[in-house]
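Peer 1: I'd like to ask you about the structure that follows.
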Amino acid sequence: MAKKTPVTLKVIEKVIKNQQDDLYKLKKDLKIFQTEKDHLDNIMSQVTSLEKAEKELDTLSNSPGEAAKRLISKKALQHYEELQHEANHYRDNLKEKGYKGPDDLNKRQAEIRGLEQNVIPMIEKQIKTKEKVIETISGIFDAIQQATRSEEQAQQRQHLKRFRSSSINRNNNQGPDLSR
């Protein structure tokens, strides 16, 4: 390839840009995965809280003594209503977040676990590789730029030396200064 296409600074810059774009996409995929995982963890937490609230509501509803307490005590009635409100809140929230039931949640969690075990390590390895490639190519790019600047400075110094020596020689060839 190097014989067909000369490796110029523009080509190296393009390679660096492409590698950075690939790295960005990989990091974005990783972030999407983490967001989905966090989303499912949040749903699972809310499902657990809903189940706890429903269990307590069932206990309070099925107990004749608790039903009598609610008729007499405002505090017991308020606690029962708060539990109902809490359970309704969790149901609505889960429905909003796309919860379709325990089977769907288990399926999605299994998919996430599969990705976490198989795909994520591969993506993380690719990210590390891309970062090293970018670092290496950027180092080469910087070295070439530095060498180019050094060469230009050397040429300028050499040109300046020639200019000074030719000026000095011209002054020397004029002979003695008789203007005094």
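Rundown of residues vs (1) among the hydrophobic types (A, V, I, L, M, F, W, C); (2) open to solvent by less than 60 Å² (accessible area, probe 1.4 Å); (3) touching a Gly at 6+ places or on another chain (Cβ under 9 Å); (4) under 14 Å from GLN46 (Cβ atoms), yes/no style:
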position: GLU66; (1), (2), (3), (4): no, yes, no, no
position: SER73; (1), (2), (3), (4): no, yes, no, no
position: GLN78; (1), (2), (3), (4): no, no, no, no
position: ASN93; (1), (2), (3), (4): no, yes, no, yes
position: ASN106; (1), (2), (3), (4): no, no, no, no
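Peer 1: Determine if segment 74-83 includes at least one residue that is aliphatic (A, V, I, L, M) and free of Cβ contacts under 8 Å to residues at least 12 places away in the same chain. Break it down into steps so the answer makes sense when it comes.
Peer 2: First, the residues of segment 74-83 that are aliphatic (A, V, I, L, M): 76-77, 83.
From the residues that got through so far, the ones that are free of Cβ contacts under 8 Å to residues at least 12 places away in the same chain too are 76-77.
The answer is yes, given that some residue of segment 74-83 is aliphatic (A, V, I, L, M) and free of Cβ contacts under 8 Å to residues at least 12 places away in the same chain.
Peer 1: Go over the candidates ILE140, ILE127 one by one and state the one that is touching a residue at least 12 places away in the same chain (Cβ under 8 Å), open to solvent by less than 70 Å² (accessible area, probe 1.4 Å), β-branched (Val, Ile, Thr) and outside any loop (DSSP other than H, G, I, E, B). Outline the logic, then answer.
Peer 2: On the way: ILE140 fails: open to solvent by less than 70 Å² (accessible area, probe 1.4 Å).
Answer to the check: ILE127.
Peer 1: Of all residues in segment 30-57, count the ones that are surrounded by 15 or more Cβ atoms within 10 Å (Cβ to Cβ) and not aliphatic (A, V, I, L, M).
Peer 2: So the answer is 6.
Peer 1: Select the helices (runs of 4 or more DSSP H) contained entirely in segment 1-104, then report the ones holding at least 3 residues which are at pLDDT 90 or above and aliphatic (A, V, I, L, M).
Peer 2: It comes to 9-62.
The values are calculated or read from the model by the stated rules, or taken from the named source; none is laboratory data. Computed from a prediction, not measured in an experiment: that's the story for all the values here. Quick reminder, even Gly has a Cβ in these numbers, built from the backbone with ideal geometry, and neighbours come from all protein chains shown. Quick note on the areas: whole protein, heavy atoms, side chains included, nothing else; ligands and nucleic acids left out. Shrake-Rupley method; radii C 1.70, N 1.55, O 1.52, S 1.80 Å.
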